[in-house]
Every structure is written in C-alpha cells, then in structure tokens.
1. Residues in the stretch 70-99 that are under 28 Å from Val153 (Cβ atoms) and aliphatic (A, V, I, L, M): how many?
2. When the residues of the stretch 38-61 are narrowed to those that are in contact (Cβ under 8 Å) with a residue 60 or more places away in the chain and over 15 Å from Gly89 (Cα atoms), which ends up surrounded by the fewest Cβ atoms within 10 Å (Cβ to Cβ)?
3. Within the stretch 143-196, track down each residue that is surrounded by fewer than 24 Cβ atoms within 10 Å (Cβ to Cβ), in contact with an Asp or Glu (Cβ under 7 Å, 6 or more places away or on another chain) and of a type in the set (Gly, Ala, Ser).
4. Within the stretch 18-48, can you find the residues that are in contact with a helix residue (DSSP H, G or I) (Cβ under 9 Å, 6 or more places away or on another chain) and not hydrophobic (A, V, I, L, M, F, W, C)?
5. Scanning the stretch 155-173 for residues that are modelled with pLDDT of 95 or more and among the small types (Gly, Ala, Ser), which turns out nearest to Asp285 (Cα to Cα)?
6. With the condition kept exactly as written, say whether any residue in the stretch 8-30 is buried (at least 20 other Cβ atoms within 10 Å of the Cβ) and among the small types (Gly, Ala, Ser).
7. Keeping to the stretch 110-136, report how many residues are without any contact (Cβ under 8 Å) to a residue 40 or more places away in the chain, in a helix (DSSP H, G or I) and more than 22 Å from Leu164 (Cβ to Cβ).
Amino acid sequence: MVKAIRIHENGGPEVMKWEDVEVPVPGDGEALIEHAAVGLNFIDVYQRTGLYPLPELPWVLGMEGAGTVVAVGPGVTEVNVGDRVAYAGMPPGAYAEARVIPAHRLVKLPDAISMDTAAAMMLQGMTVRYLLRGCYDVKEGDTILFHAAAGGVGLIACQWAKALGATVIGTVGSDEKAELAKAHGCDHTIVYTRENFTERVKEITNGNGVAVVYDSIGKDTFEGSLDSLRPMGMMVSYGNASGPVADFNLGILAQKGSLFLTRPTLMTYTAKRQDLLAHAEDLFDVVTKGKVTVEINQRYPLAEAAQAHIDLEARKTTGSTILLP
C-alpha cells in the first residue's frame, strides 16, 4: 500500500482524499516507479471537476511526475530498474508515492536535470514545444501573444520563444507578475485587470496584429484573442481556465481575416513514442543549454494537494509548482 490523493466524486478541492491505495505488480509493458516529485497542472483541476472526465471513479489525480524505476514487467525495453525517469500525459495517477505506468510513456532523465526540475517541467515544457514548433512554427521576427505569461507554461514559453527570435507580448494579472514575465524574456506585458489587451496589442504592433495567439484562458479571452491576430493569423486555444468556449460560429474566422484556429492537446502531439522522445529531447536541450530556466516557485507536501489546487485556481501561483511525496 502507498499513500495517494484520490477522488471518489467530481467537485471542489474538498473531494481530494489522502488515502491508502494498492499498487499492483507491473504487468506486460509496465513499470513501477517511486516518485521523488509530482507536477501540478491546470488539467488536474479539469479532471477533478469533471470537465475532462477521468477513466472511472475513484481515481488518483495527476498527469506528471519524476522518480526511479523500482520494478518492470515482462517485455519492457524502454527503461531498466534504477533509471531516473519522468513522464507527462495519460494515464492519470501521479498524485501517489508510487505508481505503475506504461513504460513507453517514460523518458530517461539526463544527469544534469534534477527530479524536482523534471516534475516541474515535463508537461508544461513539452506543451510549449508543441505550441511553438508544432501548432505554429515560431520564427525569428514573429510577434506572438501569450496569455498567462507568468504561469508555468508562460514562463517557459517566453524564454523559448525569445530564444527563437520572436517578440513576445504577454498578459498577466498584476505588476508583480509583469516583472516576472519580463525577467523571463517577455518584451511587452499587459496587465489584463486594468488594460484592454486587444487594444494594447494593436498599439504595440502598429495595428498589424500578431502572428499567433496562445490562449489557455478560454471563454474570457477568446474573442479578444481573435481580434489580436493579423490576417491569416493562428489562434491556438489550449486550455479553459475561465471556462470552455461554447457555441462558436466558424464564419467569424472569415470575417476577422481568414484566421486559423486549432484546439490541440499534448497527448495527441506525443502519442507516438518517437514524437514523445523528440519533444522531451528538445526540452532537455534548451534547459541544459540555459536557454530556458524552470522556475519552481511553490512546493507543497503531496498530502496538501488540495491547498495547491486552491492556490492555483485563485491565481496565487507563478511559474511551476511541485508536490512532494
């Protein structure tokens, strides 16, 4: 038996229970890992509330972790006992002291990357990789808009986009978050609580708009994000922090300048193992070369994951957050 955060029903942070769970012996193609650290991500909130349904209930939350392989099942070739590994994506189950997971979802860690850093960056960092290189290939000279620029994904994205030669405009919720984003490569910050971000984007770009908008906020920013694009620009909607976008009229894309719209997920972009490894290797490369620094600004005991969720939803966190078993 190990301790884990499990939910028996969907709802608020109060449904998260710290309890004993059975860890099975790894079967064909599976590995048992002992966690050193677990990542906190907004998708965990979506799964807790039921916006993104879990396979069944009760279920252990969590999509990201780092640890050591302590046992492998038959047929495993990807990892060995004793390997330092990390993962991000399906199936959920990271909020636990140990877990069994398909071995093909595990990535071996370079010696230069700590367990804490890996748990803080795998989901967010590989998300940035598919955003900047998959959905739209950011190039030198591009101007981009990134919402929630002081969050975990945002801070990585600002640095990575800057390394690619882009001009980065970021929205943030406070002056303190604006300073944090600027320190991580954001050229222009917009405090959305007192500024109209669409108007400011037009001012910054001399009325031209941006090449691409990365929007994890959803309902509250969707229309304004479309209005921030240049003709034939790309809107990447990859989250719903303010609620999902509903009843969208596709004809609006034509009216606003023949725009492109995509709703991607990390799970699709890393479904094949070769793609997973490519995303991880690119992330490891920019981190080990110092182009991207992963800011772990909050640490919570895993048993206090409910408080971490409360703080995340209240937008009290910046950068990355990890949970420690």
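1. Going through the stretch 70-99 one residue at a time, the tally reaches 8.
2. Taking the candidates together, the pick is Leu51.
3. Once the filter is applied, which keeps residues that are surrounded by fewer than 24 Cβ atoms within 10 Å (Cβ to Cβ), in contact with an Asp or Glu (Cβ under 7 Å, 6 or more places away or on another chain) and of a type in the set (Gly, Ala, Ser), the stretch 143-196 yields only Gly165.
4. Pro26, Gly29, Glu30, His35, Gly39, Asn41, Asp44, Arg48
5. Selected residue: Ala163.
6. Looking for residues that are buried (at least 20 other Cβ atoms within 10 Å of the Cβ) and among the small types (Gly, Ala, Ser), one finds none in the stretch 8-30, hence no.
7. 0
Conditions (1) of a type in the set (A, V, I, L, M, F, W, C); (2) closer than 21 Å to Ile7 by Cα; (3) in contact with a helix residue (DSSP H, G or I) (Cβ under 7 Å, 6 or more places away or on another chain), marked per residue:
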| site | (1), (2), (3) |
| --- | --- |
| Arg273 | no, no, yes |
| Ala278 | yes, no, no |
| Phe284 | yes, no, no |
| Val294 | yes, no, yes |
| Asn297 | no, no, no |
| Leu302 | yes, yes, no |
| His309 | no, yes, yes |
| Ser320 | no, no, yes |
| Pro325 | no, yes, yes |
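The values are calculated or read from the model by the stated rules, or taken from the named source; none is laboratory data. A quick note: this is a predicted structure, and the numbers were derived from the prediction, not measured. We place every Cβ from the backbone using ideal geometry, glycine too, and count neighbours over all the protein chains shown.
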